[in-house]
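Inspection log for the structure reproduced underneath, given as structure tokens.
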Amino acid sequence: MATITFYGAAQQVTGSCYLLESPAVGRILLDCGMHQGGDAVERIGDDAFPFDPADIDAVILSHGHLDHSGLLPKLVNQGYNGPIYCTPATKSLLRILLEDSWGLYKRDLDYENRRRERRGKELRLAEYREKDVKTVLELCKPKPFNTDAQLGPEGRLCFHDAGHILGSAIVELTLTENGKEKRLVFSGDLGNKDSVLMNDPAVLTQADVLMMEGTYGDRNHKDIDNTLEELSTILKKAWREGGNVMIPSFAVGRAQEILFHLGRLYQQGELDNWSIFLDSPMAIEVTQVYDSWLHIMDNKDVRHLDQAGRESLEEFLPTLRLCQTPEESRAINRIKQGAIIIAGSGMCTGGRIRHHLKHRIWRDNNTVIFIGFQAQGTLGRLLVDGAQHIKIYGDEFIVRANIATLGGFSAHAGQRELIEWARNFQPVPRLILIHGEINSLQTLSAKFLQDHQMSSEIPAQGERIEF
């Protein structure tokens, strides 16, 4: 009998982590992500594993985002030494993401321990080390899309394109128990069909159990044409008001998409007066990785690059300036107007965007544009929800800047797309909704039942099911 235990991203969005146990494959961890929001040192310290990492036989990684991969170094530090299956592109991104995460964690831990030492308190030990990041990368076993791989004594693994970020995968597992095959499909994060630089999510039709994300299970996205029109309107208003524009962005996927869209506006003659800054060393490096994989994309949006005679996103947007050093980042603060600043992190939980907010959030001629999901407990969510006062680095600031949200840039499927994708499975599988806040999942569940007579389950944190 196979079981699945839901240890993360159950009735919440971040911290994706599910344990599959079956005689066919042993003990398999689907994703090993960290929770987003709050202090990084506290967050990583609080994310204790409710299982012994040394007892896990393999890890299957759907994609590289830290809420799916960020605790892999801690898993290794606590004894895991098995294979980590992922796609080749995911491995390329994983090095950048985990090395950056380690640098930020070490910086914050060093700062916290200096404070503790001054107060005579016990120092905090690191939850993992740089060598653990290197071990994670050594353990990665890349598997291309649409290719079966043996898993355990009686299991098969196959990755399919999820269309979310570069390398993101839908996980298909076939288990043979007592001579009978069972098929589990884990959606990972499903992409938005309007996402640029990504192919549409692969269509699968057979599963006994379907674990599907529901990040946007309670809403549909605006179509991309309306979203681009809205972006253009916001930028024109911001120019008239004489301020700057800040765009918090994830370094992987979202930054590259917004660069592409700004490039299209530039090619149409709408951005001649703006100076555009990508203020994120990690996003710069990730963009170079994306450039090297553009050849695998077959959608219409990549053809815009070809038609413009460009081979990279940077060439597509000539007014783009790349900010690698802290000095280059600080120099942006001297610009009084006409700057579009793209910086991490996407939920404003850290990174250079917080410095830009500190300098500009209290002025009413500035604008903040959110282009991605903002999880509960993050600074980004507070701003989206209309907070009048916020704290950054311990100081309080009044919020006078204009706050805008553009849902059409989401890298996640909306409600309509989630339902369309799930309805391809025939016969209807056991449907389990994960990776979404409870209200979103309940709304999606009700929609499945009301419109399509499909029942679904919403497991709680720590819950176990048998199949």
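Using only side-chain charges placed at the Cβ, +1 for Lys and Arg and -1 for Asp and Glu, the dipole size of the chain relative to its Cα centre rounds to 1320 debye.
The lysines whose alpha-carbon is closer than 21 Å to the alpha-carbon of K236, local same-chain residues fewer than 8 away aside, are K222, K336. Straight-distance candidates among the lysines for linking to K74, with alpha-carbon spacing under 17 Å and chain neighbours fewer than 8 residues away dropped: K106, K131, K134. Couplings 3J(HN,Hα) of segment 18-32, computed from phi: 9, 10, 9, 10, 7, x, 6, 10, x, 10, 10, 9, 8, 6, 8 Hz, in residue order, whole Hz [Karplus 6.51 cos²θ - 1.76 cosθ + 1.60, θ = phi - 60°; x for Gly and Pro]. For Cα extents along the principal axes in Å, the choices are (1) 61, 54, 38; (2) 70, 59, 41; (3) 80, 47, 42; which was calculated from the structure? Checked against the structure: label (2). Looking only at the chain, where both bridge partners belong to it, what percent of the DSSP beta bridges are antiparallel (to the nearest 5)? Just about 50 percent of them are antiparallel.
Projecting the Cα atoms of Q256, C323, W293 onto the charge dipole of segment 224-409 (Cβ charges, centred on the Cα centre) puts C323 farthest toward the positive pole. The distance from the alpha carbon centre of segment 175-238 to that of segment 79-106 is 23 Å, rounded to a whole number. As a length-normalised measure over Cα pairs under 8 Å and 6 or more apart, the relative contact order of segment 224-409 settles at 32 percent. A simple packing score, the average count of other Cβ atoms within 10 Å per residue, orders the peptides 356-364, 452-460 as 356-364, 452-460, with the highest score first. In sequence order, segment 75-80 has phi-based couplings of 4, 5, 4, 9, x, 6 Hz under the Karplus curve 6.51 cos²θ - 1.76 cosθ + 1.60, θ = phi - 60°, and Gly or Pro positions carry x. In segment 328-419, Cα pairs under 8 Å separated by at least six residues give a relative contact order of 28 percent.
The aspartates and glutamates within cross-link reach of K180, meaning a Cα-to-Cα straight distance under 20 Å and a gap of 8 or more places when in the same chain, are E21, D148, E154, E172, D208, E466.
Only the coordinates and a few stated rules stand behind these numbers; no lab work does. The model shown is predicted, which means the values in this text are computed figures rather than measured ones. Heads up, the Cβs are rebuilt from the backbone with ideal geometry, glycines too, and the neighbour counts pull from every protein chain shown.
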